[in-house]
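Chemist: The structure is given below, and queries will be raised subsequently.
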């Protein structure tokens, strides 16, 4: 339950509300598309989901989406799965991402600011970005890359990755990427599914002050991907181009006209991957048009980004937030790419990047914010963050203490946007709204055009109560399909098996009577004690306030005899001891702050908490191990950051058995 009338932590002033792009959009859409002129965001959101066709037509008009063949209908079919968006239209994502280069006043301004661990900046102007993309796209065409072919990148978050992706989109091919800290097994689990014809690679990367040579891994990928027709070498560590590979510089040096393939609105843009913790990662395919209009809405209206902004989100190419960051180009925004450790040379490193690049929107993970809080970082004391209007977080729910810390340590008038979405839609279901107040521990509101609700098991909508996160009407960026899922059964079973025709995402949420949203954690690892459901995120937020706890993992295990075992694993801070006093304080914290029913049955010291390669705690595979599943059936080894850590949990299961 959320308090009925808490005080906002922050609210925009009248000038900020008036200047916000979403305010101007609402007034404009009221005169042209029948949107409500009064009632603010709440009225606009209600209209955006009840008049779905009209809303998305207005979005494409407001952002001047250039359909190379016009549309006759916004929605040909509303079925989920299977919605048909702008079925007659043709479009090209890359043409929109690069159109700022057409403006003579902006052509020589930065499109990309790149920073690495040396904190030296490299600038790519709009004109240079367009020229390199055009050169590379022509080279791809010359090598037989055609619309629908897959092009892969084994690349860090560097400008070359952005250029390779945009050139791929320009020719109508399908992009897919993994970060170079992924091992060969993890990459092959992903790329083999889609059979890429081109592979862009680096020779290595720098992280934590060290160089990591990846040439052996690249050689293995070349051997194990028989579909490859070309490999492009980017010498990040300065090594020579290997035999049989093409040199990046040779492919991006020409000065040729830009050419963008006209593709249907539903033509694949990229393949993203689920974390794949229990099997092969799902290969999620999203469309050129669907991502174009969803990201214009999300970045332009919700994040309030435009040509005067600088957009920095700490991410890797293996996480959907990289794709989201690149889409900042759609709004004419300068994007900041950062390649390196989030905490090098010290925990506060990301704040230094935000300062140096003049970031106006700084996005990071909730885990990073909490790490800064624990490490005693003082961002505003140590950095000039006067240009940062908004700090956004995702990856996991931002705990209340994270909101308070940002408010106290960055500045009191900071817009804090905790957002939640998923790789599955490469967007946000709920989060940033520049015209609404921010309440501690809450996401501001569901997104425009997103009919987000909390449902009980019978499919009834809940307010101020915990329920399943569902989306009852289609979104343009929902997957067009999964790769290698010919009958659509895997796609259907992933989201539509519980409530037919309605997207069930797998999170527990509360939609408050004020219209805000609270995320409680994954519903497939929900803790259900004596009929009282609680998300694991609530436990973590409470337990990890204790300075002795570095990180925790709580699992609810249904047992064959009908019993329920709920252990809490704790990874201790250096020097801490799990003695009787600490155990009592952990139990008391949970009992007093959450629920006496959710005090763990056991508190077990662990050598660490396993994560996916994108940094999320692995709960379901640990639960399966504790239920007795064999290791190879419980977890996909290629999806875990530290496989040996899982052996600890396997041993716990063996001893209990």
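Chemist: Name the residues in the stretch 441-460 that are more than 19 Å from the chain's Cα centre (by Cα) and not in a loop (DSSP other than H, G, I, E, B), would you?
Modeler: Listed by number, the residues that qualify are 453, 454, 455.
Chemist: Here is a follow-up. I'd like to check something: does the stretch 610-630 contain any residue that is within 31 Å of the chain's Cα centre (by Cα), over 21 Å from residue 542 (Cβ atoms), free of Cβ contacts under 8 Å to residues at least 60 places away in the same chain and not in a loop (DSSP other than H, G, I, E, B)?
Modeler: Scanning the stretch 610-630 turns up at least one residue that is within 31 Å of the chain's Cα centre (by Cα), over 21 Å from residue 542 (Cβ atoms), free of Cβ contacts under 8 Å to residues at least 60 places away in the same chain and not in a loop (DSSP other than H, G, I, E, B).
Chemist: Among the listed residues 86, 55, 63, identify the single one that is at positive phi and in contact (Cβ under 8 Å) with a residue 60 or more places away in the chain.
Modeler: On the way: 55 fails: at positive phi; 63 fails: at positive phi.
So the residue among 86, 55, 63 that is at positive phi and in contact (Cβ under 8 Å) with a residue 60 or more places away in the chain is 86.
Chemist: Same structure again: Assuming residue 570 fulfils every condition listed in (1) buried (at least 23 other Cβ atoms within 10 Å of the Cβ); (2) in the same structural domain as residue 290 (by TED's automatic domain parsing); (3) modelled with pLDDT of 95 or more apart from one, which condition is it?
Modeler: The single condition residue 570 does not satisfy is (2).
Chemist: Does at least one position in the stretch 575-586 carry a residue that is closer than 30 Å to residue 179 by Cα and touching a strand residue (DSSP E or B) at 6+ places or on another chain (Cβ under 6 Å)? Steps first, answer last, please.
Modeler: Start the filter on the stretch 575-586 by keeping residues that are closer than 30 Å to residue 179 by Cα, which leaves none.
No, because not a single residue in the stretch 575-586 is closer than 30 Å to residue 179 by Cα and touching a strand residue (DSSP E or B) at 6+ places or on another chain (Cβ under 6 Å).
Chemist: In the stretch 20-64, how many residues are surrounded by fewer than 21 Cβ atoms within 10 Å (Cβ to Cβ), within 30 Å of residue 170 (Cα to Cα) and in contact with a strand residue (DSSP E or B) (Cβ under 9 Å, 6 or more places away or on another chain)?
Modeler: Qualifying residue count for the region: 2.
Chemist: Shifting gears a bit: Restricting to the stretch 590-607, name every residue that is buried (at least 16 other Cβ atoms within 10 Å of the Cβ) and within 30 Å of residue 182 (Cβ to Cβ).
Modeler: Keep residues of the stretch 590-607 that are buried (at least 16 other Cβ atoms within 10 Å of the Cβ), which gives 590, 594-595, 598-600, 603, 606.
Residue satisfying the conditions is 606 alone.
Chemist: Let me ask you something else. Test each condition in (1) within 27 Å of residue 334 (Cβ to Cβ); (2) within 20 Å of the chain's Cα centre (by Cα) for residue 384 and report the one that comes out false.
Modeler: (2)
Chemist: Can you tell me which residue is farthest from residue 273 (Cα to Cα) among those in the stretch 578-607 that are modelled with pLDDT of 95 or more and part of a loop (DSSP other than H, G, I, E, B)?
Modeler: Here the answer is 579.
Chemist: What about residue 74, is it in the same structural domain as residue 162 (by TED's automatic domain parsing), touching a helix residue (DSSP H, G or I) at 6+ places or on another chain (Cβ under 6 Å) and either surrounded by fewer than 18 Cβ atoms within 10 Å (Cβ to Cβ) or under 30 Å from residue 344 (Cα atoms) (or both)? Give the steps one after another, and end with the answer.
Modeler: Working: in the same structural domain as residue 162 (by TED's automatic domain parsing): yes; touching a helix residue (DSSP H, G or I) at 6+ places or on another chain (Cβ under 6 Å): yes; either surrounded by fewer than 18 Cβ atoms within 10 Å (Cβ to Cβ) or under 30 Å from residue 344 (Cα atoms) (or both): no.
So residue 74 does not fit the description; no.
Chemist: Kindly indicate whether any position in the stretch 83-90 is out of contact with any strand residue (DSSP E or B) (no Cβ under 7 Å at 6 or more places or on another chain) and surrounded by fewer than 19 Cβ atoms within 10 Å (Cβ to Cβ). Don't jump to the end; show me each part of the working.
Modeler: Applying the first criterion (out of contact with any strand residue (DSSP E or B) (no Cβ under 7 Å at 6 or more places or on another chain)) to the stretch 83-90 yields 86.
Now drop any that are not surrounded by fewer than 19 Cβ atoms within 10 Å (Cβ to Cβ), which leaves none.
Scanning the stretch 83-90 turns up no residue that is out of contact with any strand residue (DSSP E or B) (no Cβ under 7 Å at 6 or more places or on another chain) and surrounded by fewer than 19 Cβ atoms within 10 Å (Cβ to Cβ).
Chemist: So, in the stretch 271-282, exactly how many residues are at pLDDT below 95 and under 12 Å from residue 484 (Cβ atoms)? Lay out the reasoning, then the answer.
Modeler: If we filter the stretch 271-282 for residues that are at pLDDT below 95, which is where we start, we get 273-282.
Right, trim to under 12 Å from residue 484 (Cβ atoms) and you get 280-282.
Residues that pass the stated criteria total 3.
Chemist: For the stretch 186-227, give me the residue count where each residue is in contact (Cβ under 8 Å) with a residue 40 or more places away in the chain, more than 13 Å from residue 154 (Cβ to Cβ) and either in a strand (DSSP E or B) or not assigned by TED's automatic domain parsing to the domain that holds residue 116 (or both).
Modeler: Summing the residues that are in contact (Cβ under 8 Å) with a residue 40 or more places away in the chain, more than 13 Å from residue 154 (Cβ to Cβ) and either in a strand (DSSP E or B) or not assigned by TED's automatic domain parsing to the domain that holds residue 116 (or both) in the stretch 186-227 gives 2.
To keep it simple, each residue is scored yes or no on (1) surrounded by fewer than 22 Cβ atoms within 10 Å (Cβ to Cβ); (2) under 23 Å from residue 126 (Cα atoms).
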residue: 146; (1), (2): yes, no
residue: 153; (1), (2): no, yes
residue: 161; (1), (2): no, yes
residue: 167; (1), (2): no, yes
residue: 171; (1), (2): no, yes
residue: 185; (1), (2): yes, no
residue: 195; (1), (2): yes, no
residue: 199; (1), (2): no, no
residue: 208; (1), (2): yes, no
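Chemist: For residue 127, which of the numbered conditions (1) under 25 Å from residue 227 (Cα atoms); (2) surrounded by fewer than 20 Cβ atoms within 10 Å (Cβ to Cβ) fails to hold?
Modeler: (1)
Chemist: Does the stretch 228-247 hold any residues that are touching a residue at least 60 places away in the same chain (Cβ under 8 Å) and either more than 20 Å from residue 132 (Cα to Cα) or surrounded by fewer than 13 Cβ atoms within 10 Å (Cβ to Cβ) (or both), and which are they?
Modeler: The one that is touching a residue at least 60 places away in the same chain (Cβ under 8 Å) and either more than 20 Å from residue 132 (Cα to Cα) or surrounded by fewer than 13 Cβ atoms within 10 Å (Cβ to Cβ) (or both): 229.
Chemist: Same structure again: Residues of the stretch 153-179 being more than 21 Å from residue 112 (Cα to Cα) and touching a strand residue (DSSP E or B) at 6+ places or on another chain (Cβ under 6 Å), which ones?
Modeler: Listed by number, the residues that qualify are 172, 173, 174.
Chemist: Tell me, please, whether a residue that is farther than 18 Å from residue 651 by Cα and surrounded by 14 or more Cβ atoms within 10 Å (Cβ to Cβ) can be found in the stretch 554-563.
Modeler: Quick first cut of the stretch 554-563, residues farther than 18 Å from residue 651 by Cα only: 558, 560-563.
Then drop every residue that is not surrounded by 14 or more Cβ atoms within 10 Å (Cβ to Cβ), which leaves none.
No, the stretch 554-563 contains no residue that is farther than 18 Å from residue 651 by Cα and surrounded by 14 or more Cβ atoms within 10 Å (Cβ to Cβ).
Chemist: Considering 454, 392, which residue is in contact with a strand residue (DSSP E or B) (Cβ under 6 Å, 6 or more places away or on another chain), surrounded by 20 or more Cβ atoms within 10 Å (Cβ to Cβ) and within 20 Å of residue 614 (Cα to Cα)?
Modeler: 392
The values are calculated or read from the model by the stated rules, or taken from the named source; none is laboratory data. All values derive from a computational prediction rather than experimental measurement. We place every Cβ from the backbone using ideal geometry, glycine too, and count neighbours over all the protein chains shown.
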